[in-house]
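**Student:** Got a structure here, written out as structure tokens. Questions coming.
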Amino acid sequence: MPGGGAAEEDGVVMRGYISDYNEQGMESDFWLFFQDAAFIVEGRWERAGMHTLAFGDHLTIFSRDGEILWSGSIGQRRIRLVDEWLFQLRQRIRFAKGFARWHPEGVTREDWERWFRTRPHLEAELDLRN
């Protein structure tokens, strides 16, 4: 990933990793989030560096070889209920609450989820200047 792990001086462009998150007792979907590398200490991710992605955030996701997999703004696009039902049926209702309710145009829902669930985590850049 270009530029290392620390946030820029103005604090609005951060470099780090993407992941999904859920813990016992959460009554919501898995969160898709960005972890600021400046808040990773001795391999442990501090919650202070966890940024839940929101509409309008500009995210760039890098492949293992440093190529851009996707870059753009998190948008507001709903998934139709019939598409949700068909997707869950295809997945045999497996982890039904854990699947993303949003994914970008031009990226399949499966790819979007796979990028956030990939281990080791994929590197990313989050730009909050917009």
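**Student:** Has the range 70-82 got at least one residue that is over 25 Å from Arg15 (Cβ atoms), surrounded by 12 or more Cβ atoms within 10 Å (Cβ to Cβ) and modelled with pLDDT under 85?
**Tutor:** yes
**Student:** Turning to a different aspect of this structure: Considering only the range 45-68, how many residues are modelled with pLDDT of 95 or more, assigned to a strand (DSSP E or B) and surrounded by fewer than 17 Cβ atoms within 10 Å (Cβ to Cβ)?
**Tutor:** The number of residues fulfilling the criteria is 1.
The values are calculated or read from the model by the stated rules, or taken from the named source; none is laboratory data. Model, not experiment: these values are computed from the prediction. Methodologically, a virtual Cβ is constructed for each residue, glycine included, from the backbone with ideal geometry; neighbour enumeration extends over all protein chains shown.
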